[in-house]
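The values are calculated or read from the model by the stated rules, or taken from the named source; none is laboratory data. Keep in mind it's a predicted model, so treat the numbers as computed, not measured. As a convention, Cβ positions derive from the backbone with ideal geometry for all residues, glycine included, and neighbour counts pool all protein chains shown.
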Amino acid sequence: MTKTSTKKPVGQITRGKTASNRLRRVDNFILLYEPSLLTRTDGLFADSFFIDLGYGADPRTTLESAARFRRVNPNLPILGVEIDKERVDAALPHADRITHFRLGGFNLPLQPRIFHANQIEDAGLAGESVRLIRAFNVLRQYEEVDFAPAYERLGKYVLPGGLMIEGTSTPFGQLWVANLARMTAEKRWKMEALVFSTNFRVGFDITDFQAVLPKNHIHHVVAGEPIYEFMEAWKRSAAETSAARAFGLRQWFSASVESLAAKGFKIDLHKKWLGKGWLVWNQ
């Protein structure tokens with residue numbers, strides 16, 4: 001069993017309620033977007049974590065992700081992090097050699113690396129490290145002023161080339177929007193893409209995405225802001241391609257996104273995204 005951290009967690013407790021497979025499409029997106037991030041074994045990536053930050057009242061999202069991601073890397077270390085000690089204690093019976101649950105917040109509860117007598121401690125080997133963070137339905141409860149400091153804290157633990165997918169979903173995961181942030185060699189976050197996801201079970205209405213925009217965008221859907229211009233252009237594109245609706249919502253979605261790209265937005269038009277209800281807006 002993994003011991004919980006003694007550091008005081010930084011952050012606020014979440015509602016904690018979640019549905020089974022709520023984040024399945026998030027995981028499936030990562031598996032398509034960059035499976036090599038999950039399988040890397042070079043250098044510090046050999047034993048670096050996938051972090052499920054704020055998994056909730058029970059560890060189902062962490063365990064579901066473990067099952068999905070370990071199809072490509074059976075030895076992937078996974079760490080579920082919660083700010084509520086009772087939630088961590090409840091999850092510990094599910095822990096094993098490569099599945100851990102610890103008390104923590106934006107100051108991730110990573111442990112120092114143990115060095116043997118014949119080893120020299122290097123600043124780059126100071127402790128456990130992270131390849132991927134999933135932080136869903138966490139920052140939505142914070143003020144926008146808290147967004148950048150949270151990213152900065154989390155970034156301290158992520159290896160160069162690592163990734164964070166951070167956003168908000170509907171209660172059953174039908175819709176979500178997330179930032180994809182990449183850790184650079186200079187140890188700074190670089191926003192790589194904004195991803196919109198729908199499984200079409202609630203139809204296809206672009207305005208529905210506005211309620212699940214990440215914290216750095218949700219308050220900026222006003223004239224003159226980039227996210228506003230994007231959403232308005234997508235609405236126009238959907239109207240212009242509405243005839244495609246006769247062939248199904250997926251076809252209409254694809255046609256609207258292709259029309260949006262023609263308006264000058266940097267959209268990844270690969271069919272593996274459009275056909276599955278993902279819009280990847282490269283930043």
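Before moving on, here are some points about what is shown:
- Qualifying residue in the stretch 64-72 (condition: acidic (Asp, Glu), modelled with pLDDT of 95 or more, out of contact with any helix residue (DSSP H, G or I) (no Cβ under 6 Å at 6 or more places or on another chain) and surrounded by 16 or more Cβ atoms within 10 Å (Cβ to Cβ)): yes
- Leu76 vs. criteria surrounded by fewer than 19 Cβ atoms within 10 Å (Cβ to Cβ) and at pLDDT 95 or above: no
- Residues of the stretch 132-169 that are loosely packed, with under 15 Cβ neighbours inside 10 Å and in a strand (DSSP E or B): Pro160 alone.
- Only one entry in Phe196, Phe200, Phe204 is at pLDDT 95 or above, crowded, with 19+ Cβ neighbours inside 10 Å, among the aromatic types (Phe, Trp, Tyr) and touching a helix residue (DSSP H, G or I) at 6+ places or on another chain (Cβ under 9 Å), namely Phe196.
- Among the residues making up the stretch 190-200, those that are touching a Leu at 6+ places or on another chain (Cβ under 9 Å) and on the phi < 0 side of the Ramachandran plot are Met191, Glu192, Ala193, Leu194, Val195, Phe196, Ser197, Thr198, Asn199.
- All positions within the stretch 46-62 that are touching a residue at least 24 places away in the same chain (Cβ under 8 Å) and surrounded by fewer than 18 Cβ atoms within 10 Å (Cβ to Cβ): Asp47, Ala57, Asp58
- Just one residue in the set Phe196, Phe172 is touching a residue at least 60 places away in the same chain (Cβ under 8 Å) and touching a Phe, Trp or Tyr at 6+ places or on another chain (Cβ under 8 Å); that residue is Phe196.
- Here Phe172 fulfils each of the conditions (1) assigned to a loop (DSSP other than H, G, I, E, B); (2) in contact with a strand residue (DSSP E or B) (Cβ under 7 Å, 6 or more places away or on another chain); (3) of a type in the set (Phe, Trp, Tyr) apart from (2).
- Among the residues making up the stretch 96-108, a single one is over 26 Å from Leu139 (Cα atoms) and either in contact with a Cys (Cβ under 9 Å, 6 or more places away or on another chain) or hydrophobic (A, V, I, L, M, F, W, C) (or both): Ile98.
- When the stretch 219-233 is filtered for residues that are in contact (Cβ under 8 Å) with a residue 12 or more places away in the chain and among the aliphatic types (A, V, I, L, M), the ones remaining, listed by number, are Ile227, Met231, Ala233.
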